[in-house]
Amino acid sequence: MIDTLEDTLKRAEKLVFLTGAGISQESGISTFRGNGGLWQKYDPMKLASAQAFRDDPRLVWRWYNDRRRKILAAKPNLGHMAIANLQDHRQVSVVTQNIDGLHHRAESREVTELHGNIFTTKCTKCNFRGKIRDEFFDLPPSCEKCGSYLRPDVVWFGEGINREVWNQAVMHSISCDVMIIVGTSLAVSPANKLHSYAKNNKATLVEINPENTPFSYKIDFSIKKTAVDALPRLISIFESLSK
């Protein structure tokens, strides 16, 4: 099926990769909703919500410290690297639901993080935002600006995506020639609307996922492979076109 994409890829000038937990699973980072996913083991409302933070901020920070250590031990995989390498051949944007920062570490230059980044913080009271450079041992950490609690700068259950971030994701979606949806079942709103923005602008939709998803029937090309298997092959097509 990948070979049948060649004519479409020849004409494509701008590509958007919409990525989810599946691409990072191949780096050893657990998914949330799949088999063995984190939300099968833990109650998200006790670990990833504003109410959970109000009830027990120390517990929430211990959870995120542990997740951050595991993410730091992971490395970008061949899927992440293939997307980054494609920047040498086409205009590429990444819109990701992941908070792990692996696209940045793979050196993708244009990354929109819909749900934030686990390595950044924001104050619960003022407008302070910062990066986590060392592990916090005094939990919960305090804002250096006003002294209030810091929290992970991620989107929790019951919270909306930052409007500026969302607008950026929409702009990428409506201006692309091809949207490649990688490792996500698009179960989370509003990220599951982005493919419609792309399709309404006559973009070609490509899905890379070893399993069918609720949106597979809407996809132009559905490739039943993992990111590590499929993406390097896709990139080789672009490389051959550039020769």
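Every number here is computed from the coordinates shown, using simple stated rules; none is lab data. Note that this is a predicted model, so its numbers are computed, not measured. Cβ atoms come from the backbone with ideal geometry, glycine included; neighbour counts cover every protein chain shown.
Determine the gain in length on full extension of the stretch Asp66-Glu107; use 0.36 nm per residue of separation and subtract their C-alpha separation, reporting nm with one decimal.
Details: separation 41, 0.36 × 41 = 14.76 nm, distance 2.45 nm.
Going from the current span to full extension adds 12.3 nm.
Once each part is reduced to its C-alpha centroid, what is the distance from segment 85-160 to segment 166-241 in angstrom? One Cα centre to the other: 23 Å. Computed with the Debye formula from one identical point scatterer per Cα of segment 67-139, without solvent, the log10 of I(q)/I(0) at q = 0.26, 0.28 Å⁻¹ comes to -1.26, -1.35.
Rg/Rh for segment 164-226: what does it come to with C-alpha atoms and Rh from Kirkwood?
0.95
The alpha carbon gyration tensor of segment 134-243 gives principal lengths a ≥ b ≥ c with a/c of 1.5 or higher and a/b greater than b/c, which makes the shape prolate.
Inter-label distance, Glu13 to Asn201: 1.2 nm, where each label sits 7 Å from its Cα along the C-beta direction. What FRET efficiency comes out for Asp56 versus Arg233 if R0 is 51 angstrom and r is the Cβ-Cβ distance? Round to the nearest 0.05. Taking R0 as 51 Å, the efficiency between Asp56 and Arg233 is 0.65. In loop segments of segment 56-165 as defined by DSSP, the trypsin sites (Lys or Arg not before Pro) with at most 10 further C-beta atoms inside 10 Å of their C-beta are Arg133. Applying a threshold of 29 Å to the alpha-carbon distances of Lys46/Lys224; Lys10/Lys224; Lys70/Lys199; Lys14/Lys193 flags Lys46/Lys224; Lys70/Lys199 as lying beyond it.
Proximity of backbone amide H atoms, modeled 1.01 Å from N, is registered between Val95 and Phe17, Leu18, Thr19, Thr112 at under 5 Å, excluding neighbours fewer than 5 places apart on the same chain.
Return the label of the correct value of Rg and Dmax of the Cα atoms in Å, as calculated from the structure shown, out of (i) 17.0, 49; (ii) 18.5, 59; (iii) 20.5, 72. Evaluating Rg and Dmax of the Cα atoms in Å on these atoms matches (ii).
Would you calculate, for the chain, the mean residue ellipticity at 222 nm contributed by helices, counting each DSSP H stretch of 4 or more residues as -39,500 (n - 2.57) and dividing by all residues, to the nearest 500? Could the numbers behind the result be given before it?
Numbers: 10 runs with 85 residues, N = 243.
Taking each H run of at least 4 residues, the total per residue is -9500 deg cm²/dmol.
Between Ser216 and Ile174, full extension at 0.36 nm per residue minus the direct alpha carbon distance yields a gain of 13.1 nm.
Database remark: amide H of Asn201 closer than 5 angstrom to no amide H (H placed geometrically; neighbours at sequence offset of 5 or more, or on other chains; Pro and chain starts carry no H). The length gained by stretching the chain between Asp138 and Gln91 to full extension, at 0.36 nm per residue less their Cα-Cα distance, is 12.6 nm. Size descriptors for segment 41-183, from the alpha-carbon set: Rg then Dmax equal 16.5, 49 Å.
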